[in-house]
Amino acid sequence: MKPILPLILLAGAIGVGTNLAAGPAGFLGSLAEPQPGRAMHASSTDRAGMNGDAIFVAPGQTITLLDAKGAGCIHRFWMTLAPRTDVAILSQAILRIYWDGDTNPSVECPLGAFFGVGFGEQRDYISAVLSETSGGYNCYWPMPYHTGARWTLTNGADHPISSFYYNIDYTALDSVPASTRVFHAQFRREDPTHPGRNYTILDTEGAGTYVGTALFMSGKALYFLEGNEAVYVDGAKTPSILGTGTEDYFGSGWYFDRGTYSAPYHGLVIKDEHRVSAYRWHIPDPIPYTKSIRFTIEHGTGDGIEADYSSVAYFYQAGPALPPPPLPANLLPSKPGTMRVLEIPGAVEAESLVGAAVIKGGGAWVQDMGNWGYGELWSKHLALFWSPAGGGSTLTLPVPLKDSAARTATVRMVTGPNCGTVRIALGGAAAPGFVDLYAPSEGVKEVSLPLGERTGDTVLLKLTYVGNNAASVGSLVGIDAIVPHR
């Protein structure tokens, strides 16, 4: 069913007059009232009256979907195609939309990405303004225009779109208010992302309203989700909006651990061990700007995770369209490599000792580091984590020694922005001073110390929590492995 209430809210956000908002895209109560304008329709229908309603689009060919003159408002765009699930076509067929005689497109976007789903895949989902349902692709973003609308589709794949079907429903109007802004959808991609620099979803100048994000992320693991959105409005030097995590921005939590779903304004369409495709529509909470907007997001804490990011920014903006960023030469999805599993000969895995741990203050658990972007740093992708209750809390682990000739050991500790400071002793022999586990990003610190007293083939590893580095935001203590040496 056509979502009506969200569109009247959106119409108000973009400055569409009340008559237009209460018209064909208006609130249910307005349907009994006289409607402005004249209903119009563009489609691939067979004008000869036969059943040949599809258009064949050869490689490199551009077809015109709509060339409307005068003012109006587009309410619905539907399409389907064959091959139905062709990744190359959904990634490389480009939709371009030009408003009001502009030479620059306001929309220049791969077909699949425009409908809110990444990686050239077709996945069923339903939201307020975009959906994919049982082979059909639907768009209900309202798209008013002042003097004309021209839509084209270019097949950038190396093989044909054998059948392309479409409907565009719109209203022809005498005029729309001069203040009405036009719809934009801008595609971007970085493969790989740049260390230490946020990924940019939109960077534009002018007056407008930001209304939605579709973001497609792919990497060796999902720790890129630790990235926060940072939005700079009207030239602000510090973020006007600064988030708490990628899945938080998309209305979820805990790395989307409950799986895919779709809601009216936010959803997760694809999630596997390497990839995330998510959307958020700022319909109840549009972001207005009068001079400029720069919408960015981190890829992991401190932009430390290398990944393949692409996105579509949806916004309404006044004035002639600015040139969009060039489309990347490669639009096909990447294939992230399998994460290497670190195996350390002779290592005792700390996580294997959690059941025998003696804890005085706090709790311990096994952490799967494979979900972290630095998972390859840690033996078998696992670590034992301890959250101390306060200063003086202790964790003691009985470490089995298979090599009776071992005289020293390396304790591999987890470092990170939320890690604490400890004393470490092995069989009563202590490492000198305190071991500060704070670091700006996650990593490993190796602490070498002699083996002290042992009972049979076991030596006790004791950690005492003593406090935090002033820069640390937590007190976690993580142990990866203990590696004995002769």
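The table that follows gives values for the structure above.
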quantity: Qualifying residue in the range 353-371 (condition: acidic (D, E), surrounded by fewer than 16 Cβ atoms within 10 Å (Cβ to Cβ) and either at pLDDT 95 or above or farther than 20 Å from R486 by Cα (or both)); calculated: yes
quantity: Condition met for T154 (in the same structural domain as Y289 (by TED's automatic domain parsing) and more than 25 Å from P284 (Cα to Cα)); calculated: yes
quantity: First in the range 66-85 and within 18 Å of P36 (Cβ to Cβ), second anywhere and among the polar types (S, T, N, Q), Cβ under 6 Å, 6 or more apart; calculated: A71/S175; G72/T171; C73/T171
quantity: Strands (runs of 3 or more DSSP E) within the range 59-132 that include 1 or more residues touching a helix residue (DSSP H, G or I) at 6+ places or on another chain (Cβ under 8 Å); calculated: 71-82, 93-99, 107-110
quantity: Residues that are free of Cβ contacts under 8 Å to residues at least 60 places away in the same chain and either crowded, with 23+ Cβ neighbours inside 10 Å or touching a Gly at 6+ places or on another chain (Cβ under 8 Å) (or both), drawn from the range 96-113; calculated: G101, L111, G112
quantity: Search result, residues across the range 81-95 that are polar (S, T, N, Q) and surrounded by fewer than 19 Cβ atoms within 10 Å (Cβ to Cβ); calculated: T85
quantity: Members of the range 467-486 that are crowded, with 17+ Cβ neighbours inside 10 Å and within 12 Å of G420 (Cβ to Cβ); calculated: N468, S472, S475, L476, V477, G478
quantity: Test: residue in the range 400-410 that is within 30 Å of G300 (Cβ to Cβ) and not assigned by TED's automatic domain parsing to the domain that holds G304; calculated: yes
quantity: Conditions (1) β-branched (V, I, T); (2) at pLDDT 95 or above; (3) over 18 Å from T394 (Cβ atoms); number of the one not met by V422; calculated: (3)
quantity: Filter pass, A357 being farther than 30 Å from K462 by Cβ and touching a residue at least 12 places away in the same chain (Cβ under 8 Å); calculated: no
quantity: Filter result for L384 (surrounded by fewer than 20 Cβ atoms within 10 Å (Cβ to Cβ) and out of contact with any Cys (no Cβ under 9 Å at 6 or more places or on another chain)); calculated: no
quantity: The range 393-423, residues that are closer than 15 Å to A350 by Cβ and not in a strand (DSSP E or B); calculated: L401
quantity: Per-region count, the range 446-470, residues more than 17 Å from S379 (Cβ to Cβ) and in contact (Cβ under 8 Å) with a residue 40 or more places away in the chain; calculated: 16
quantity: Selection count where residues are over 25 Å from the mean Cα position of the chain (by Cα), surrounded by fewer than 17 Cβ atoms within 10 Å (Cβ to Cβ) and either assigned to a loop (DSSP other than H, G, I, E, B) or of a type outside the set (A, V, I, L, M, F, W, C) (or both), scope the range 168-197; calculated: 5
quantity: Candidate set: the range 303-330, residues that are surrounded by fewer than 22 Cβ atoms within 10 Å (Cβ to Cβ) and touching a helix residue (DSSP H, G or I) at 6+ places or on another chain (Cβ under 9 Å); chosen: the one modelled with the lowest pLDDT; calculated: G304
quantity: Output for the range 104-160, where each listed residue is more than 19 Å from Q186 (Cα to Cα) and among the β-branched types (V, I, T); calculated: I126, T133, T147
quantity: Residue count for the range 138-167, restricted to those that are assigned to a strand (DSSP E or B) and more than 20 Å from T62 (Cα to Cα); calculated: 5
quantity: Checking P336 against (1) at pLDDT below 95; (2) out of contact with any Lys or Arg (no Cβ under 6 Å at 6 or more places or on another chain), the condition it does not meet; calculated: (2)
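Listed here are the residues, each with its yes/no results for (1) surrounded by 13 or more Cβ atoms within 10 Å (Cβ to Cβ); (2) under 25 Å from M369 (Cα atoms); (3) among the hydroxyl-bearing types (S, T, Y).
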residue	(1), (2), (3)
A389	yes, yes, no
T396	yes, yes, yes
R407	no, no, no
T421	yes, yes, yes
A430	yes, no, no
V435	yes, yes, no
Y438	yes, yes, yes
V444	yes, yes, no
T464	yes, yes, yes
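Matching residues to (1) within 30 Å of G474 (Cα to Cα); (2) of a type outside the set (S, T, N, Q); (3) more than 33 Å from the chain's Cα centre (by Cα):
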position	(1), (2), (3)
L353	yes, yes, yes
D368	yes, yes, no
S393	yes, no, yes
V411	yes, yes, yes
P417	yes, yes, no
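The values are calculated or read from the model by the stated rules, or taken from the named source; none is laboratory data. Only a predicted model underlies this, so the values are computations on that prediction, with no experimental measurement involved. With ideal geometry, Cβ positions are generated from the backbone for all residues, glycine too; neighbour counts draw on all protein chains shown.
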